[in-house]
Amino acid sequence: MKYLEINVRTAAIIHGFDGDNREIREPGQDDFTTKLVAIERIQSISEQYLLVTGSHGRVMYWEYEGGLAQLRDRLDAAGLML
């Protein structure tokens, strides 16, 4: 399994959907922390957020430091880009 070391903070945790099909959200945190994230957990990457899977069917939006271009370069250097 491959890992990515990255500074992140949780922007939101999605626990599912309510009866009106709206996301059930838990707010995030204020401080950035360094994590080793399994590449397989990453669902998508935008300029500001990583969308990652969590336990119990949850997904999380993490803000990350560095920006999309820098992250793309790191993934490419590791042979993880097509």
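Where a number appears in this text, it was derived from the coordinates with a stated rule and is not lab data. Bear in mind the structure is a predicted one, so any value in this text is a computation, not a measurement. No Cβ is skipped: glycine too gets one built from the backbone with ideal geometry, and neighbour counts run over all protein chains shown.
Whether any residue in region 41-48 is among the basic types (Lys, Arg) and closer than 14 Å to LEU4 by Cα is what I want to check.
Scanning region 41-48, I find at least one residue that is among the basic types (Lys, Arg) and closer than 14 Å to LEU4 by Cα, so the answer is yes.
Is there a residue in region 18-25 that is of a type outside the set (Asp, Glu), assigned to a strand (DSSP E or B) and closer than 16 Å to TYR3 by Cβ?
Scanning region 18-25, I find no residue that is of a type outside the set (Asp, Glu), assigned to a strand (DSSP E or B) and closer than 16 Å to TYR3 by Cβ, so the answer is no.
Inside region 5-21, can you point out the residues that are over 19 Å from ILE42 (Cβ atoms), surrounded by 10 or more Cβ atoms within 10 Å (Cβ to Cβ) and not hydrophobic (A, V, I, L, M, F, W, C)?
HIS15, GLY16
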